[in-house]
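Reviewing the structure listed below.
The values are calculated or read from the model by the stated rules, or taken from the named source; none is laboratory data. Source: prediction; values computed, not measured. Backbone-built Cβ (ideal geometry, glycine too); neighbour counts: all protein chains shown. Just the protein is used for accessible areas: all its heavy atoms, side chains included, with ligands, DNA and RNA removed. Shrake-Rupley method; radii C 1.70, N 1.55, O 1.52, S 1.80 Å.
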Amino acid sequence: MKTRSDDLEVLLAVIEFGGFSAAADALNIQVARVSRSVTKIEKALNTAILIRTTRRVMLTDEGKRFIDAVNIGLQHIQKAEEDIIAKGKMPQGKLRVDAASPFIFHQLTPHINAFNKAFPEIQIELNSNEGIVDLIEKRTDVAIRIGKLEDSTLHARALGRSPLFIVASPEYIAQNGLAQTPSELKNHKLIGFSNIKSLNKWPIKGLDSVTPTMTASNGETIRQLALSGNGITCLSGFMVSKDIKSGRLISLLEPYRLTGTDRELVNAVYYKSSSVTERVTTFIDFIKPRLTL
């Protein structure tokens, strides 16, 4: 090997923490040591790995390919070590889980305490992203994805379906009246997504998409806006089923609501060859029967 494992560890820290100083702080070493390690790797490979600016560091195209390969290689090494150490033991180690923040709030955090008690040797790290993340780039072990999956090298396990509901608060309905047909929506305040336009296609017969009068980038923010009487919106059942049952939100346009759409799909995705597959499957097996989709 032309590169040393300790230098690679420093380089990975620079990428994870976003800079030389942040990596030095995380590793408790001097910035000069970080710089030397990166320079040694680039000289050994005879190529630039990082683009350095005054504000941030970024991977070059060659750097990204190299880091992706290094991460996969380190995962294989880690798995080999863990297979030997963990024979006959309960799963152990860090597990990085990624999901949209509403899914984390409503479906994962209520069960983390029980999971920790059942598997105390697994350290859960929850990360919320509203869009789809690159598992290798973000050092993510398993991601929960809502909607149709694109073709990829990822392994997927179906967690179920979460129906979509058109909802508004009783206060909004009292002040603005019911929308009894899809065509009547144009007379109402509609709350939609600002960042993912496809989520503004509501599953209603005869309706292609809506033009929101108010938008937000986060599903939980949209839920709170609806609860506060700001308008009508479309959200997944995993977020609003309890609100509907308690009467805090009213389900509208039921005769026109379409079910069985791709947007209802909920999957856990991960690299099956990953060194953390045992922890991933342990987590999915635990959480799947507890989800209220």
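Summary table below
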quantity	calculated
Mean-position separation - Cα centroids, the range 261-293 and the range 13-47, in angstrom	34 Å
For the range 63-214, with +1 on Lys and Arg beta carbons and -1 on Asp and Glu, the positive-most of 195, 136, 66 along the dipole	195
Over the range 214-259, volume per residue of the alpha carbon convex hull, in Å³	88 Å³
Whether the range 219-293 is rounded, prolate or oblate, judged on the alpha carbon gyration tensor where a/c under 1.5 counts as rounded	prolate
Under 20 Å from the Cα of residue 242 - aspartates and glutamates, other chains or at least 8 residues apart	171, 220, 254, 264
Percent carbon-and-sulfur accessible area, the chain, ignoring ligands, DNA and RNA, probe 1.4 Å	51 percent
Residue-averaged 222 nm ellipticity for the chain, from DSSP H runs of 4+ at -39500 (n - 2.57), nearest 500	-11500 deg cm²/dmol
Accessible surface, the chain, averaged per residue in Å² (probe 1.4 Å)	53 Å²
Projected area, mean over directions - the range 65-182, Cα convex hull, nm²	11.4 nm²
Base-10 log of normalised Debye intensity for the range 1-150 (one unit scatterer per alpha-carbon) at q = 0.09, 0.12, 0.16, 0.18 Å⁻¹	-0.37, -0.66, -1.06, -1.20
Magnitude of the charge dipole, the chain, Cβ model with Lys/Arg +1 and Asp/Glu -1, debye to 20	140 debye
Selected from 176, 160, 39, residue furthest toward positive end of dipole (the chain; charges at beta carbon)	176
Surface accessible to a 1.4 Å probe, residue 117 within the full protein complex, Å²	150 Å²
Peptides ranked, highest mean first, by Cβ atoms within 10 Å: ranges 174-184, 66-76	66-76, 174-184
Tilt relative to the chain, helix 5-17 - C-alpha long axis, 0 to 90 degrees, to 10	30 degrees
Span from the the range 177-208 Cα centroid across to the the range 124-165 one, whole angstrom	26 Å
Rounded tilt (10° steps) of 277-287 against the dominant C-alpha axis of the chain	20 degrees
Cα gyration tensor shape for the chain, rounded if a/c is under 1.5, else prolate or oblate	prolate
Point-charge dipole on Cβ atoms (K/R +1, D/E -1) for the range 112-271, about Cα centre, debye to 20	380 debye
Fraction in percent of alpha-carbon pairs per bin - 10 Å, the range 176-253	19, 56, 26
Normalised per residue, the volume of the convex hull around the Cα set of the range 108-261 (Å³)	138 Å³
Cα-based helix-to-principal-axis angle, 61-85 vs the chain, degrees rounded to 10	80 degrees
